[in-house]
Protein chains: 2
Amino acid sequence: MKTRQPKVELYYWPGIQGRGEFVRLLLEEAGANYVDVARESKNGLATMMRFLEGKERGALPFAPPFVRVGKLIVSQTAHVVAFLAPRFGLVPRDQGLQAEACQIQLTLADFVGEVHDTHHPIAGSLYYEDQKAAAKRRAREFVKERMPKYLGWLEKVLLRNRKSGGRWLVGADRTYVDLSAFQVIAGLHYAFPNAMAPLEPKIPLVRALYDRVAARPRIAAYLASKRRQPFNQMGIFRHYRELDAPARRRARKR
Amino acid sequence: MKTRQPKVELYYWPGIQGRGEFVRLLLEEAGANYVDVARESKNGLATMMRFLEGKERGALPFAPPFVRVGKLIVSQTAHVVAFLAPRFGLVPRDQGLQAEACQIQLTLADFVGEVHDTHHPIAGSLYYEDQKAAAKRRAREFVKERMPKYLGWLEKVLLRNRKSGGRWLVGADRTYVDLSAFQVIAGLHYAFPNAMAPLEPKIPLVRALYDRVAARPRIAAYLASKRRQPFNQMGIFRHYRELDAPARRRARKR
């Protein structure tokens with residue numbers, strides 16, 4: 001069934017993937033008509049600030065990302081994608097499956113929040129260097145306890161989803177949640193390569209999901225384009241060697 | 001309009017208000033037919049664990065609270081209340097207002113997450129005493145920067161909501177979001193009385209909303225009942241004097 005797709009204005013900080021990337025991946029997979037306002041429009045960043053300062057009409061966002069769709073201003077990443085998905089055929093119409101998708105997305109959001117706090121455990125307003133000691137402690141607990149717990153949970157969700165034979169997280173086909181899971185895994189590869197290496201064999205379904213999303217034609221085209229900004233040390237997923245697990249020594253060749 | 005209300009099973013850790021309290025307040029205001037399973041049912045806690053261990057059917061929750069409504073298992077606090085609200089007339093049917101409610105609720109959830117991390121900035125699995133130094137730093141930034149920012153944002157949301165004359169957060173009448181805002185303010189009074197005192201005069205609409213919710217007959221009855229567990233040092237909102245702002249000296253009587 002063909003639904004008429006809305007035009008979307010995305011508002012997010014330029015220069016980083018950040019939480020905006022979860023929205024971008026959805027819009028790219030949908031082939032949506034969208035503008036990444038702060039990056040692409042003249043005075044785009046100033047327009048975004050007007051919304052945050054309450055100078056525009058509609059719901060007041062606490063922080064980016066937010067989108068404008070018609071007259072509606074929709075904020076909070078997990079909510080933005082849950083709101084857009086049915087409008088772009090990226091979630092089934094079934095209410096139970098939509099509920100399932102939403103709670104997985106919110107769990108991914110919690111996971112991402114914990115990733116952020118590995119490098120900013122004290123305050124987002126302070127430099128990393130000023131909270132490095134606490135960051136090391138938090139990151140150690142994160143890679144030891146939380147990362148395996150979240151990833152193991154995702155693996156179980158895939159395993160339980162018989163409708164897709166473990167290929168997708170919700171229902172029989174790909175949804176917005178799969179795109180977000182891809183982004184989380186991509187970020188973990190970047191930020192915690194050493195910690196990820198020994199976990200990968202334990203999460204074969206998650207790994208296959210990552211490859212499956214990366215290979216989707218529109219996603220592959222997006223990832224190869226300049227629209228996809230690289231990971232960097234300003235975003236949520238940052239690579240600080242001292243926060244990752246130590247590298248494993250390989251067996252020496254004889 | 002009278003809709004047929006579903007029966008709800010709530011699953012949450014016994015002994016604390018925690019995130020379960022946001023769900024309880026909704027169910028109490030609705031006069032819902034619900035069971036707080038882990039507190040009230042024989043082997044309730046064991047039943048909850050079976051869900052978390054993946055031994056029951058339906059969506060796999062990452063953590064409590066979750067609810068069972070018919071065959072659906074719904075988890076993630078903000079999603080649980082957004083899911084229940086239309087079934088109990090606690091949010092308007094209008095899609096734009098539902099979206100607005102959802103993003104406010106998610107912002108409250110972020111706020112609550114930051115409150116939690118004031119006493120557990122390193123890891124939830126470690127004792128408070130083992131992360132006290134980091135907790136003090138995080139709490140200092142929280143009461144200085146984040147608490148006024150979130151509360152000021154709530155005040156602005158009320159101020160902008162002309163449909164209710166600033167009485168409610170969304171639309172013309174009380175919604176589930178107002179109940180959650182009440183709980184956040186109650187928690188802040190408990191955890192950070194000194195930091196709250198000088199902020200209160202700056203957020204008159206928030207303060208009035210708090211009083212208005214507390215005075216609703218079903219909420220008042222609930223708060224006076226044994227079903228309302230007291231705040232304590234095991235929940236999300238904890239009172240540690242060293243994490244609150246210092247007490248202000250009163251002008252001495254002459």
If I filter region B:20-57 down to residues being in contact with a helix residue (DSSP H, G or I) (Cβ under 8 Å, 6 or more places away or on another chain) and within 14 Å of chain A (Cβ to nearest Cβ), which single residue comes out as nearest to A:LEU158 (Cα to Cα)? B:GLY54
Among helices (runs of 4 or more DSSP H) entirely within region B:112-199, at least 3 residues that are away from chain A (no Cβ under 12 Å) and over 30 Å from A:ARG137 (Cα atoms) occur in B:176-191
Which pairs do you get when a residue that is at the interface with chain A (Cβ under 10 Å from one of its Cβ atoms) and more than 16 Å from B:ASN33 (Cβ to Cβ), found in region B:64-76, comes within reach of a residue that is in a loop (DSSP other than H, G, I, E, B) and not aliphatic (A, V, I, L, M), reach meaning Cβ atoms under 6 angstrom, with the pair 6+ apart or on two chains? B:ILE73/B:GLY58; B:SER75/B:PRO61
Tally of residues being under 20 Å from B:LEU108 (Cα atoms) and surrounded by fewer than 16 Cβ atoms within 10 Å (Cβ to Cβ) across region A:114-143: 2
Top-ranked residue of region A:160-187 - restricted to ones that are within 16 Å of the chain's Cα centre (by Cα) and β-branched (Val, Ile, Thr), ranked as farthest from A:VAL91 (Cα to Cα): A:ILE185
Top-ranked residue of region A:77-86 - restricted to ones that are out of contact with any Cys (no Cβ under 9 Å at 6 or more places or on another chain) and within 9 Å of another protein chain (Cβ to nearest Cβ), ranked as nearest to A:ARG4 (Cα to Cα): A:VAL80
Right, B:ALA63: within 30 Å of A:LEU60 (Cβ to Cβ), touching a strand residue (DSSP E or B) at 6+ places or on another chain (Cβ under 9 Å) and surrounded by fewer than 24 Cβ atoms within 10 Å (Cβ to Cβ) or not? yes
Among the residues of region B:224-234, is there at least one that is part of a helix (DSSP H, G or I), surrounded by fewer than 14 Cβ atoms within 10 Å (Cβ to Cβ) and not hydrophobic (A, V, I, L, M, F, W, C)? no
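Throughout, read-outs are computed from the coordinates displayed, never taken from laboratory work. What you are looking at is a predicted structure, and each value in this text was computed from that prediction instead of being measured. Counting neighbours? That spans all protein chains shown, and the Cβs are built from the backbone with ideal geometry, glycine included.
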